[in-house]
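Reading through the C-alpha cells given below for one structure.
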Amino acid sequence: MELIINGGRRLRGAVRVAGGKNSSLAIIAASALAPDVSTLENVPHCRDVETLLGILEALGASTSLEAGRLTIDARGLNGHVAPYDLCRSMRASFYTAGVLLGRMGRAQVPLPGGCSIGARPVDFHLRGFAALGARVVTEHGYMKASARRLKGNTFYVPRSSVGTTINLMMAASTARGATVLQNAAREPEVVDTAVFLNLMGARIKGAGTDAITIEGIKELHGNSYTIIPDRLEAGTYLMAGAASGGDVLVEGMIPEHLIALLAKMEEAGIEVIRNTDGVRARSVADLRAVDVDTAPYPGFATDLHPQMAALLTLARGASTIRETVFEARFAYTDELRRMGANIKAEGDSVHITGVERLTGAPVEAPDIRGGAAVLIAALAAEGTTEISRVENLDRGYEGLERKLRLLGAQISRGGSLESREVG
Ligand code: UD1
C-alpha cells in the first residue's frame, strides 16, 4: 500500500487527538496482570495495538475494541510463551515479559530484534527481572524467566529507560515486599501506567519523579480507565500544519506534555496559542532555523525528532538536531533528500540547511516517526509524493487520511505502483 499526496496546500482547521499509543500498549499489557476484566477508553485503533491484542489473545485473554473502548478479559490467560510471529514486529511486545512474570511466575518471550532506529537491546529489562529474584536466561532467541514469586529490591534503571521502568513497575506490583526504581523514566506514559496499576490495587508512589516505589501485593483486580491523549500524534499534526504554512488546532491534547516542542516551535517563528480546548499552531512568518537536542522527558522527545527535522528543511538558515536517545534514527534523511531537502546525518546529529521548497517524489516511510517526517514533507512539497511502506505509519497513527483531509490535505491510499500496473 502507498499514500499518494498532492502537496503544497496550507493545512487549516481542527483535529482531535487520539488516545496515546504508547500509553495504551503499556496499560493494555498491565490489565492482563489481573485475572479479571478491564475496560479502557480512548484506545487508538492502530496496528501496534492490534498486534498486542493478538499476543494477549494467543496467551488466552479475550479482547474487543470498538470506537476507542477496549474490553479485555484476562481471566482465561494461562499461557506463558509469547508468540514469535507477533512479537518480532513490535518492541512493546516485551511488556508481556513483566506481566507474565508478575502473574504466572514464568515468561518466555522472544527477544525483540533491532529495528531501523537502532539496536534497542533489552538488557536493562533482564537485569531488572534478575534483581527482583527471577532466574533469567536467553536462548534460541527467547528470554526465559521464572520465579515462584518475585522479591522486591532496589534497582537503578540505566539511561532512564521508559520500557524498563514500565516493565519493572508491572512485575514488582505483585512481588513480595517493596521495590524502589532509581533513575526511573518520568514520561507521561509511565505516570499513566502507574495511575492505572494503582486503580487495579497496586501500591505505586513517585511515578513522574525519578524514584518510584512499589509495595507488592498478592493479586490485582480489573478496573476502568481512560488513556491520556497521544502527545506524539498531537505534535505531528502541529508540525504538519506549520510546515505547510497553515493554521492547525489540535483539540484534546495536554500542552504540558509537549512543553519542549512548543518552545522550539515558537523559537522557529510559529505562533503557538494554548486554548482550553487544545493547542493551535499558526504560521505568521517565515520559519527560522533552530537547534534541538533530544532528551528524556520533559526534554525534547526523540519521537518528535524526525518530524521537527522535516519542518526545519523549510526554515531559513542552518539547524542541527542532536539525537541523544537512539543511535541510528536517521533513515528518514535519505527520503527527505529525495524531495529536495538539504539534510545530512553525521555522527549523532542531523544538519539541515533550509531550502525554498520541497518537491514531490517517490519515497518510503522507514519507521513510524520517520514515516511521519516524510509525510510532513510530502504535505508541504510541490507536486505529488508517493509514500510506500505505509504500514509503518499505520503502526502508530489512527485515521491518518481522514484527519488530514479534515485539514484540507489531498491524500489517498492506493496499491503499490507495480500492483496497479499489473492489475
Ligand atoms: C519507548 C517508546 C519509544 C520512545 C522511547 C524513548 C513505547 C512503546 N516506545 O521505547 O517510542 O522512542 O521510549 O522515549 O513506549 N536501552 C538499552 N537497553 C534496554 C532498554 C533500553 O540499551 O534494555 C536503550 C535504548 O536502546 C535507548 C534508550 O535505552 O537508547 C532508551 O530506550 P527506552 O526508553 O527503553 O525506549 P523504549 O521503552 O524501547
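The values are calculated or read from the model by the stated rules, or taken from the named source; none is laboratory data. Note that the structure is a prediction, hence the values are computed from the model and not measured. Cβ coordinates were reconstructed from backbone atoms using ideal geometry, including for glycine residues, and neighbour counts include every protein chain displayed. Only protein heavy atoms, including side chains, enter the accessible area calculation; ligands, DNA and RNA are left aside. Shrake-Rupley method; radii C 1.70, N 1.55, O 1.52, S 1.80 Å.
Return the residues of the range 290-329 that are more than 10 Å from the ligand (Cβ to nearest atom), within 28 Å of Arg357 (Cβ to Cβ) and in a loop (DSSP other than H, G, I, E, B); say none if nothing qualifies.
Answer for the range 290-329, where residues must be more than 10 Å from the ligand (Cβ to nearest atom), within 28 Å of Arg357 (Cβ to Cβ) and in a loop (DSSP other than H, G, I, E, B): Val290, Asp291, Thr313, Leu314, Ala315, Gly317.
Quick one: in the range 352-400, of everything that is charged (D, E, K, R) and open to solvent by less than 30 Å² (accessible area, probe 1.4 Å), which residue is modelled with the highest pLDDT? I'd like the intermediate steps shown before the answer.
Filtering the range 352-400 down to residues charged (D, E, K, R) leaves 356-357, 364, 367, 369, 382, 386, 389, 391, 394-395, 398.
Adding the requirement that they be open to solvent by less than 30 Å² (accessible area, probe 1.4 Å) leaves 367, 369.
Details: Asp367: 94, Arg369: 97.
Only one residue fits best here, namely Arg369.
Hey, does the range 73-93 have a residue that's within 9 Å of the ligand (Cβ to nearest atom), open to solvent by 10 Å² or more (accessible area, probe 1.4 Å) and closer than 18 Å to Cys46 by Cβ? Talk me through it step by step, then tell me what you get.
Let us first name the residues in the range 73-93 that are within 9 Å of the ligand (Cβ to nearest atom), namely 90-92.
Adding the requirement that they be open to solvent by 10 Å² or more (accessible area, probe 1.4 Å) leaves 91-92.
Cutting the leftovers down to closer than 18 Å to Cys46 by Cβ gives us 91-92.
Scanning the range 73-93, I find at least one residue that is within 9 Å of the ligand (Cβ to nearest atom), open to solvent by 10 Å² or more (accessible area, probe 1.4 Å) and closer than 18 Å to Cys46 by Cβ, so the answer is yes.
Which one of the conditions (1) open to solvent by 20 Å² or more (accessible area, probe 1.4 Å); (2) over 26 Å from Asn42 (Cβ atoms) does Gly246 fail to meet, given that it meets all the rest?
Gly246 satisfies all of (1) open to solvent by 20 Å² or more (accessible area, probe 1.4 Å); (2) over 26 Å from Asn42 (Cβ atoms) except (1).
Mind counting the residues in the range 253-282 that are closer than 21 Å to Tyr297 by Cα and either open to solvent by 30 Å² or more (accessible area, probe 1.4 Å) or in a helix (DSSP H, G or I) (or both)?
15
Being free of Cβ contacts under 8 Å to residues at least 24 places away in the same chain and of a type in the set (A, V, I, L, M, F, W, C) is the filter; apply it to the range 313-351 and report the residue that is least open to solvent (accessible area, probe 1.4 Å).
The selected residue is Phe330.
Where in the range 105-208 are there helices (runs of 4 or more DSSP H), lying fully within it, with 2 or more residues that are open to solvent by 30 Å² or more (accessible area, probe 1.4 Å), away from the ligand (no atom under 13 Å from the Cβ) and not acidic (Asp, Glu)? Can you show your working first?
On the way: elements: 123-131, 162-172, 188-199.
Helices (runs of 4 or more DSSP H) meeting the threshold: 188-199.
Can you report the number of residues in the range 7-17 which are part of a loop (DSSP other than H, G, I, E, B) and open to solvent by less than 10 Å² (accessible area, probe 1.4 Å)?
The initial filter retains those residues of the range 7-17 that are part of a loop (DSSP other than H, G, I, E, B), namely 7-11, 17.
Next, only the ones that are open to solvent by less than 10 Å² (accessible area, probe 1.4 Å) stay: 11.
Count: 1.
Identify, please: which residue in the range 43-64 is in a loop (DSSP other than H, G, I, E, B) and out of contact with any Asp or Glu (no Cβ under 9 Å at 6 or more places or on another chain) and is, among those, farthest from the ligand (Cβ to nearest atom)?
Here is the first cut: in the range 43-64, the residues in a loop (DSSP other than H, G, I, E, B) are 43-46, 59-61.
From the residues that got through so far, the ones that are out of contact with any Asp or Glu (no Cβ under 9 Å at 6 or more places or on another chain) too are 43, 59-60.
Numbers: Val43: 14, Leu59: 19, Gly60: 23 Å.
For the range 43-64, the residue satisfying everything is Gly60.
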